[in-house]
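Have a look at the structure that comes next, please.
Coordinate-derived values only; no laboratory data. Treat the numbers as computed from the prediction; the structure is a model and nothing was measured. Here Cβ is always computed from backbone atoms with ideal geometry, including for glycine, and neighbour counts include all displayed protein chains.
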């Protein structure tokens, strides 16, 4: 029973250490940028460090502490659960996440709030896609921006009632609370529509078109360039 208890004790420590490594690895290799806002990254690192310290504490000699009652032998179900947990941790270390922002955005409600307003208005060519969306919340007349130069980037976001948008994901904390935003694009008629989730940079200008809810701004591309997904694709 004592040997079985020691083995169970060490297996528990190994599981904690593996999950600590998962969190520290995610904090160091950039994968957190796909899942969580940067301001929360230190919390993940601290959690990983705490799990490692806990794991070490479990296996250190405890001569100077009052000896607890000897635990019973681990059951087969406990061994299988510990092994499955360790396997999941190893897979997370070996296989970084690769979320589909387009799939996620299609399953999330749109961001119709007016919380985030621009403190100042950037020149048109310096506005990001998010800047344009927020600007239109405060100045809803699209004709004010006809002919303005545009240089934006985002992922291709399909929609059921029209051609795809160029989109971004806004997050307060992580992907769990992500809300999609997007701008209509008048895609070239002589080319196939871009595939969902593809990241593009578009240089062009703004124009007005008739949408489902009246006049809306649309981006008229002059140059469309495929780009790699940014290292930090989530917008606050």
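Which order results if 130, 138, 179 are arranged by neighbouring Cβ count within 10 Å, fewest first?
138, 179, 130
Could you list 195, 228, 127 so that the one with the fewest beta carbons within 10 Å of its beta carbon is first and the one with the most is last?
Going from sparsest to densest Cβ surroundings: 228, 195, 127.
How would you order 197-204, 85-92 from highest to lowest mean count of nearby Cβ atoms within 10 Å?
197-204, 85-92
Label points 7 Å out from Cα along the Cβ direction at residue 87 and residue 231: separation in nm?
3.6 nm
Give me the one-decimal nm value for the distance between modelled label points at residue 174 and residue 186, 7 Å along each residue's Cα-to-Cβ direction.
Modelled inter-label distance: 4.3 nm.
By counting other Cβ atoms within 10 Å of each Cβ, how are 205, 235 ranked from fewest to most?
Fewest-to-most Cβ neighbours within 10 Å comes out as 205, 235.
While we're here: Take the Cα radius of gyration of segment 103-226 and divide it by 2.2 N^0.38 Å, with N its residue count; two decimals is plenty.
Scaled against compact globular proteins, the figure is 1.01.
Given contacts defined as C-alpha pairs under 8 Å and at least six residues apart, what's the relative contact order of segment 103-226, whole-number percent?
Across segment 103-226, relative contact order equals 26 percent.
Still on this model: Place a label point 7 angstrom from the Cα of residue 195 along the Cα-to-Cβ direction, then list the residues of segment 146-170 whose backbone nitrogen is under 19 Å away.
154-159, 164-167
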